[in-house]
Every structure is written in C-alpha cells, then in structure tokens.
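The values are calculated or read from the model by the stated rules, or taken from the named source; none is laboratory data. Bear in mind the structure is a predicted one, so any value in this text is a computation, not a measurement. Cβ coordinates were reconstructed from backbone atoms using ideal geometry, including for glycine residues, and neighbour counts include every protein chain displayed.
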Amino acid sequence: MVPIGTRQANFSAPAVCVGCVDGSGDDVKSHTRSTGKPPPGDTAADADTGDGRRGRIMEATAAVLMERGYVAASTREIAARAKVSKRELYALFGSKQGILAAMFAARSARMRQKLAPPDVADRDALAATLTQFGATVLKEICAPSVVAMHRLAILEAERSPELARTLDDNGRGANHAALVGFLTQARDAGLVGGGEPATIAARFFAILIGDLILRLIMGVSTPPSPREIARRADAATAAVLALYAHPKD
C-alpha cells in the first residue's frame, strides 16, 4: 500500500481484459478452483445448451490452433471436435476470427467478476485498486495458454495478421484503454495529476511488465511466483503515484 492522502472521489475500478484461451488447460483449473464448478461446456448437463456448445467450440479451437496454426485450422475440424455442425458454429460465432474474439472476451468477463472492487473513494483506495489490477493482469498474461497464444500470433503474423490484431485489441489494447479510463476519472476527481492518463497508464504497464512477456515467449524465463507478482504490482503502483501525484500535494 502506498501512503497517500484522503481526497474523496467515487468511481469504479477498471475491468481487466486479457487476450487468452478460454476453457483450456490451466484456465479450466483456475475457473474450477475459483467457482467450484467447471466452465461452461465442461459438464454433460449443459452439453446441449448454447453455452455448452460455445464452450466446446472454444476449447476445440484452442486445441486445433495449437496443433495446426491459424491458417491451417479449419472450421470443419473445429466443428467435428466440438461435436457440432458447421451451421451451428457459424450461427454462434460467424467466423474463425469470431471464435477467437469470443475466447478473449470470455476471459475478460471472468476477470471483471474476479476484481469487482468497491468504488474508489480516496487515494489509499486508488493505490489498493491499482495494485490489485496490476497483480491480476500480470498473473493472467503470464499463464501458459496466454504465452502460447502470443507465440502463435508471432508465428502467424505475416500470413494472418488478423490473429495478432485480435489478440492485441482484446489484450494489451483493451487493458490500456481500461486503465486510461480509470485514471481519467482519478484525475478528474483530483486523485492524480501531472500527466496525461494515457502516459500514466503506459508507464504503469512498463514498470509492471518490463521484458517479462518477451522472456516468457522466448522460453528463457518461467512465470513469476505470487511473491514476484505482488512485488511488481506494488512497485508499479508506488512509482506511478509518486511520479504523478496531484499538483497540490
């Protein structure tokens, strides 16, 4: 926690959005641990519901992408693995890229539910929320499934730039936009100052992440421990709130 004043405000913390695979591997285990239930599409009970079909299609897409790559991944094979018809697949998602966007959006929705903090009322609460936001982002973007999707996007960047764009729009871009909106509210409430919200957000992520994602993608580093995640989140929060304290402080 960063010791910082008591200016009053009332606004909500930003939602975290991370481009990743929905319902695969470590993400299924995480969802089950946090909710006590498997994700949609993981039980026989919802196998024939819309949510069940969507879940199976997204899981099948993740598997096919990792095996075949984006270009070679066919909706025919995805539908066969998900035990749905191509008609159902297109009715639910519209396209292969639509499935990817839904996969990323599904994680975003889960992240919003995980955070769901109370409204920020003062700078102590602002610091706590930024720290929680940073820790959550770092934990999720370092998940093996997310790192694997980044590797795939790099491999396919020349042939299929839409994969990288979808990942970036729903991951890094969405996180940055959410934090900019949050910091704009903080600035308007008199809780931060001395810089544009976009600049503050960029500095926050630079300190939080550094070259960690690059090292994970290259396979020369391992995912950070909970202690390291907490340390990075604390450091990023302390740094930006020290650099961009309100002018009257």
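Structure values in brief
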{"read-out": "Test for GLY219: is it at pLDDT 85 or above, out of contact with any Lys or Arg (no Cβ under 7 Å at 6 or more places or on another chain) and under 30 Å from GLU67 (Cα atoms)", "value": "yes"}
{"read-out": "Qualifying residue in segment 167-186 (condition: in a helix (DSSP H, G or I), touching a Gly at 6+ places or on another chain (Cβ under 9 Å) and under 17 Å from ALA73 (Cβ atoms))", "value": "yes"}
{"read-out": "Test for PRO161: is it touching an Asp or Glu at 6+ places or on another chain (Cβ under 7 Å), surrounded by fewer than 17 Cβ atoms within 10 Å (Cβ to Cβ) and modelled with pLDDT under 90", "value": "no"}
{"read-out": "Odd one out for GLU158, checked against (1) over 17 Å from ILE207 (Cα atoms); (2) assigned to a helix (DSSP H, G or I)", "value": "(2)"}
{"read-out": "Single residue of segment 187-206 satisfying the filter (assigned to a helix (DSSP H, G or I), buried (at least 18 other Cβ atoms within 10 Å of the Cβ) and of a type in the set (A, V, I, L, M)) that is farthest from the chain's Cα centre (by Cα)", "value": "ILE200"}
{"read-out": "Residues within segment 113-138 that are at pLDDT 90 or above and closer than 18 Å to THR222 by Cα, tallied", "value": "2"}
{"read-out": "Checklist (1) crowded, with 22+ Cβ neighbours inside 10 Å; (2) modelled with pLDDT under 50; (3) not in a loop (DSSP other than H, G, I, E, B) applied to SER30, failing item", "value": "(1)"}
{"read-out": "Residue count, segment 69-98 (criterion: closer than 25 Å to GLU158 by Cβ, β-branched (Val, Ile, Thr) and modelled with pLDDT of 90 or more)", "value": "2"}
{"read-out": "Yes/no for ILE213 being surrounded by 14 or more Cβ atoms within 10 Å (Cβ to Cβ) and closer than 24 Å to MET66 by Cβ", "value": "yes"}
{"read-out": "Residues (in a helix (DSSP H, G or I) and in contact (Cβ under 8 Å) with a residue 24 or more places away in the chain) located in segment 54-80", "value": "ARG54, GLY55, ARG56, ILE57, MET58, GLU59, THR61, ALA62, ALA63, LEU65, MET66"}
{"read-out": "Residues that are part of a helix (DSSP H, G or I) and surrounded by fewer than 14 Cβ atoms within 10 Å (Cβ to Cβ), drawn from segment 81-103", "value": "LYS86, ARG87, ALA91"}
{"read-out": "Any hit, segment 223-245, residues being touching a Pro at 6+ places or on another chain (Cβ under 8 Å), modelled with pLDDT of 95 or more and not in a loop (DSSP other than H, G, I, E, B)", "value": "yes"}
